[in-house]
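The values are calculated or read from the model by the stated rules, or taken from the named source; none is laboratory data. The shown structure was predicted, so the numbers you read here are calculated from the model rather than taken from an experiment. Cβ placement follows ideal geometry from the backbone for every residue including glycine, while neighbour counts extend to all protein chains displayed. Ligands, DNA and RNA are excluded from the accessible area calculation, which covers all protein heavy atoms including side chains. Shrake-Rupley method; radii C 1.70, N 1.55, O 1.52, S 1.80 Å.
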Amino acid sequence: MKKKILSLLLLIAATFSLPAHAIDFDWGVTGGVNISKLRLKSDLKQNFSADNKAGWYLGVKAHASLLMGFGFDGALLYSQEKYNLDARGVGYAGDNKTARYLSVPINLRYDMGIGSLATVYVATGPQFDMALGSKNWDITDPNYTGNDVFKSESWTTSWNVGAGVKVLDTVELNVTYNFGLSDVTKTVLSNLGQNVRTDNVKANTFKVGLTVYF
């Protein structure tokens with residue numbers, strides 16, 4: 001995966017080396033809803049379960065068209081993603097966590113015209129998220145009253161795969177699936193009563209969005 005990210009960054013660098021007249025650039029405002037679910041592994045699955053939770057995002061988006069339908073798009077987003085953990089009767093308290101991020105997705109994109117009115121596209125690339133606000137989760141170990149078991153990571157990375165349709169070069173509808181590559185939480189207690197491991201907590205997110213270009 002690191003090789004894929006490096007290759008994509010090299011392509012972006014090559015884009016900026018092209019003459020300005022070779023690039024068709026537009027930008028606009030974007031927003032939508034997201035549905036997130038934590039992906040649990042190891043001993044954590046024995047003590048907790050996770051459900052889908054709905055959130056939202058809002059920001060600005062840019063699209064650069066190059067040659068033969070290829071190009072890039074990127075965005076700067078404020079995103080609220082809601083995570084759920086339900087305890088399986090082991091004494092831990094469950095929690096619904098609202099995680100706030102400053103998100104930067106960067107995608108390689110291919111557009112295909114379907115007439116003079118619209119184009120459809122597919123896109124894929126990495127996303128980088130910086131956690132904002134409180135990182136504490138209201139989940140406690142029964143043997144350590146008042147201490148948090150989980151804490152959000154400051155930085156996370158993920159990978160987007162998506163598709164959409166752009167109408168009249170102005171309005172764009174898209175759907176995206178975001179695969180978590182790095183953990184969204186970490187353990188802040190070292191000697192938990194139930195030997196819970198939190199080194200395998202990633203988040204997958206499904207997004208539906210709308211962009212209006214200027």
Taking the condition polar (S, T, N, Q), open to solvent by less than 30 Å² (accessible area, probe 1.4 Å) and either touching a residue at least 12 places away in the same chain (Cβ under 8 Å) or on the phi < 0 side of the Ramachandran plot (or both), does Ser65 pass? no
Name the residue, out of Ser152, Ser190, that is modelled with pLDDT of 80 or more and either hydroxyl-bearing (Ser, Thr, Tyr) or open to solvent by 50 Å² or more (accessible area, probe 1.4 Å) (or both). Ser152
Please work out if Leu6 is over 24 Å from Tyr177 (Cα atoms), of a type in the set (A, V, I, L, M, F, W, C) and either loosely packed, with under 15 Cβ neighbours inside 10 Å or modelled with pLDDT of 85 or more (or both). no
Of the conditions (1) at pLDDT below 95; (2) within 14 Å of Glu81 (Cβ to Cβ), Thr176 clears all except one; give me its number. (1)
